[in-house]
Amino acid sequence: MAEHGAIFDAMLQEFDGAARLLKLDPGIWRILTHPRRQVVVSCPVQMDNGEIEVFTGYRVQYNITLGPAKGGIRYHPNVSLDEVTALAAWMTWKCAVAHVPFGGAKGGIICDPTKMSRRELEALTRRYVAEIVDLIGPEKDVPAPDVNTNDQIMAWVMDTYSMHVGHTETAVVTGKPVEMGGSLGRREATGRGVMVVTREAAAHLGLNPDTLTIAVQGFGNVGSVSAHLLSQTGAKVVAVTDWKGGVYNKAGLDIDRMLAYAAEHKTIDGFPGGEPLSNDDLFGLDVDVLIPAALENQITAENAPRIRAKILAEGANGPTTPEAQKILHARGVFVVPDILANSGGVTTSYFEWVQDRYGYFWTEAEVNQRLDQKMREAFAAVLATSVKYTTDLRTAAYIVAISRVAAVTKLRGMYA
Ligand code: NAD
């Protein structure tokens, strides 16, 4: 591997723990701990001031054993080959847990999109796609949005690819606008999946899923949809925080009103339906469920001992540090890990790809019903594995994922 840094090491730690319990064949172990392809490209862009800047972009296909590689494209100044490779590996395990026929990939460009005009972003996106055009495609690798990329950028990806191959190819990318082959239900899919696994976890623990009390960190796509859908099931969302502040109401927050408030004010800070609450206090609340749906590394060795929730449903990617995980495990908190809890997004991306290739589109109710079923199956498989191996759900999710990829690797055999 060209570069092997701290983020990839963190992925390896999780992988190794599960692989040991699974008694994974050493040869397969070696294969699954190496990225299949790492591509680095230089993307020259003429900026609005006339100068030419050259941006570095990456696309890593970590594993393509189960099907085309799948994973987002991230625009951020801190993007590195190490990060993109680790994220591509995590996508491999997430797709395998979700039981969709995809491998794992990730892409990224080192840039600061907050300082770029729309024209510069479009030019950068198109040049990046042109550089990786032979690598991607509906049968090869299907990008999607990630940090700082959105449906407009996916529309440019789709258009650039289509221009190169000479025909319209909607299935090359997911997370597109619905008008051009995006799926109904995709926007809400990750939060919907969080809602489904939260209810499954509650039922497993003997709690009534219809009367849960819930605290949510983050009120963006994942946090707001999770809060909204759970409140519709009868659960009481008592606390929500975001980057600016938070709100607490013991009797339950009115999430419909909060959505309207957030749309207007771009934050929930100052929402009139409760008392102010800090992020730090959110973690110590006496609730049934805590849903981190903001950033990575929010639950740490410092705040984990104060967490009183019975269930931690990881809407965000990597919200819990390894030290905090140990503390939560020892304290009996039931953690539904990110690669399971937030896999509703990639599952519905799979549905989008299926609909594009079929050329036949499902109703939102059909999408939601299929997602519900996939999420429950994934939860059941991970839970059964955690019982079989007497381990936590995170390790169990890795075991499920690794066994699925390992089984197909063995069946396909070694091509040499
Ligand atoms: P988003 O940008 O829509 O929302 C992020 C939210 O977090 C915002 O409400 C923001 O105010 C809040 N936030 C930021 N900094 C905070 C802080 N310091 N304290 C408290 N809140 C803070 O992002 P999103 O799409 O909802 O993604 C959230 C997480 O879920 C990320 O980890 C992302 O990788 C993960 N995820 C998202 C999807 C998806 O489909 N959107 C899928 C899988 C995983």
_Residue in region 183-214 that is modelled with the lowest pLDDT, counting only those that are within 15 Å of the ligand (Cβ to nearest atom) and out of contact with any helix residue (DSSP H, G or I) (no Cβ under 6 Å at 6 or more places or on another chain)_ = 187
*In region 259-276, which residues are under 24 Å from the mean Cα position of the chain (by Cα) and open to solvent by less than 40 Å² (accessible area, probe 1.4 Å)?*
262, 267, 268
_Go through region 365-406 and report how many residues are assigned to a helix (DSSP H, G or I) and surrounded by fewer than 14 Cβ atoms within 10 Å (Cβ to Cβ)._
8
*asked:* Return the pair list, or none, for Cβ contacts closer than 8 Å from residues in region 136-152 that are in contact (Cβ under 8 Å) with a residue 12 or more places away in the chain and among the polar types (S, T, N, Q) to residues that are part of a strand (DSSP E or B) and within 16 Å of the ligand (Cβ to nearest atom), at least 6 apart or on different chains.
replied: 148/74; 148/75; 148/76; 149/72; 149/73; 149/74; 149/75
*Pair list, Cβ under 7 Å, 6 or more apart: region 9-33 residue within 15 Å of residue 408 (Cβ to Cβ), other residue of a type in the set (D, E, K, R) and surrounded by fewer than 19 Cβ atoms within 10 Å (Cβ to Cβ)*: 28/410
*Of the residues 235, 227, which is within 16 Å of the ligand (Cβ to nearest atom), at pLDDT 95 or above, in contact with a strand residue (DSSP E or B) (Cβ under 9 Å, 6 or more places away or on another chain) and not acidic (Asp, Glu)?*
227
*Any chance residue 72 is closer than 30 Å to residue 372 by Cα, of a type in the set (Gly, Ala, Ser) and assigned to a strand (DSSP E or B)*: yes
_Filter result for the condition that a residue is closer than 22 Å to residue 143 by Cα, open to solvent by 20 Å² or more (accessible area, probe 1.4 Å), touching a strand residue (DSSP E or B) at 6+ places or on another chain (Cβ under 6 Å) and touching a residue at least 12 places away in the same chain (Cβ under 8 Å), over 84, 79, 39, 60_ = 39
*Looking only at region 168-202, and only at residues there that are among the β-branched types (Val, Ile, Thr) and free of Cβ contacts under 8 Å to residues at least 40 places away in the same chain, the one that is surrounded by the most Cβ atoms within 10 Å (Cβ to Cβ)*: 173
*Considering every residue within region 326-346, establish whether at least one is exposed (fewer than 14 other Cβ atoms within 10 Å of the Cβ), small (Gly, Ala, Ser) and at negative phi.*
yes
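The values are calculated or read from the model by the stated rules, or taken from the named source; none is laboratory data. A quick note: this is a predicted structure, and the numbers were derived from the prediction, not measured. Using ideal geometry, Cβ is built from the backbone for each residue, glycine included, and neighbour counts are taken over all protein chains shown. In case anyone asks, the SASA skips ligands and DNA or RNA and just uses the protein heavy atoms, side chains included. Shrake-Rupley method; radii C 1.70, N 1.55, O 1.52, S 1.80 Å.
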